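The values are calculated or read from the model by the stated rules, or taken from the named source; none is laboratory data. All values reported here derive from a predicted model rather than from experimental measurement. Cβ placement follows ideal geometry from the backbone for every residue including glycine, while neighbour counts extend to all protein chains displayed. Calculation scope for accessible area: heavy atoms of the full protein, side chains included, ligands and nucleic acids excluded. Shrake-Rupley method; radii C 1.70, N 1.55, O 1.52, S 1.80 Å.
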Amino acid sequence: MASFLTSTYHFTMFFILLSTFLAFTDGKFSEQYPNTKATIHDKISHLHFYFHDIVSGKNPTAILIAGQRNSFGSTAMIDDPLTEGPEPSSKLVGRAQGMYAMTSQQDGSLLMVVNFAFNEGKFNGSSVSVIGRNPVLDAVREMPVVGGSGIFRLARGYALAKTYQYNITSGDAVVEYNVFITHD
Ligand SMILES: *[C@@H]1O[C@H](CO)[C@@H](O)[C@H](O)[C@H]1NC(C)=O
Ligand SMILES: *[C@@H]1O[C@H](CO)[C@@H](O)[C@H](O)[C@H]1NC(C)=O
């Protein structure tokens with residue numbers, strides 16, 4: 001009898017809590033509605049640009065914020081220019097803002113956590129977010145595009161990175177990016 005009463009009590013409390021939760025979510029914290037669009041990702045954009053990672057000189061665009069350069073754990077904060085062509089003087093189309101860190105003890109693999117923020121034409125103000133593994137010595141590295149903003153809202157896709165130029169003395173690099181994005 002006692003255990004019956006206890007479980008009845010729990011049962012009742014459960015429904016009181018559940019109904020409170022439902023009342024709260026219904027129209028306040030969240031709402032749901034049918035997706036009336038045929039597809040949510042109905043556009044595909046292909047972006048092509050060059051990423052300038054400047055670690056040397058008076059105005060580096062990548063600075064070490066933890067660890068020792070080129071060793072396991074080294075972490076850099078970046079604000080790298082993105083240009084239309086490979087020359088640094090080429091037209092600026094955006095900036096890569098974020099971080100990369102050496103996450104491998106064996107090879108030069110980086111964890112990239114980067115937002116590509118664009119300023120070119122209709123893309124001005126829009127961004128895509130990339131989180132991925134970048135084994136820098138591989139010819140082509142693929143990283144997932146996990147989301148976006150503005151034109152790229154609900155983005156999914158991938159970025160292909162290919163080193164265009166690496167100066168072993170200065171450590172500066174130019175990387176060619178092809179980014180394929182499906183979005184709203
Ligand atoms: C991008 O938008 C910002 C703010 O709206 C504006 O100041 C800037 O001139 C625009 N840049 C380009 C290249 O259109
Ligand atoms: C590489 O960097 C060094 C040091 O900054 C510089 O003197 C040299 O001209 C650069 N080489 C190329 C090919 O850009």
Query raised in the report: Just a yes or no: is a residue in region 137-155 closer than 16 Å to Ile78 by Cα, part of a strand (DSSP E or B), within 16 Å of ligand 1 (Cβ to nearest atom) and not hydrophobic (A, V, I, L, M, F, W, C)?
Result: no
Report summary line: Okay, strands (runs of 3 or more DSSP E) sitting entirely in region 48-131 with 3 or more residues that are open to solvent by less than 50 Å² (accessible area, probe 1.4 Å) and away from ligand 2 (no atom under 16 Å from the Cβ), I get 75-83, 92-102, 109-118
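Every residue, every condition in (1) aromatic (Phe, Trp, Tyr); (2) in contact with a helix residue (DSSP H, G or I) (Cβ under 8 Å, 6 or more places away or on another chain); (3) in contact (Cβ under 8 Å) with a residue 60 or more places away in the chain, yes or no:
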{"site": "Thr61", "(1), (2), (3)": "no, no, no"}
{"site": "Thr75", "(1), (2), (3)": "no, no, no"}
{"site": "Thr83", "(1), (2), (3)": "no, no, no"}
{"site": "Pro86", "(1), (2), (3)": "no, no, yes"}
{"site": "Gly98", "(1), (2), (3)": "no, no, no"}
{"site": "Ala101", "(1), (2), (3)": "no, no, no"}
{"site": "Ser109", "(1), (2), (3)": "no, no, no"}
{"site": "Phe116", "(1), (2), (3)": "yes, no, yes"}
{"site": "Ala139", "(1), (2), (3)": "no, no, no"}
Report task. Go through region 53-94 residue by residue and tally those that are touching a Ser or Thr at 6+ places or on another chain (Cβ under 9 Å) and closer than 16 Å to Asp172 by Cα. Result -> 12
Query raised in the report: Of the residues that make up region 117-126, is at least one among the hydrophobic types (A, V, I, L, M, F, W, C), within 16 Å of ligand 1 (Cβ to nearest atom) and within 12 Å of the chain's Cα centre (by Cα)?
Result: yes
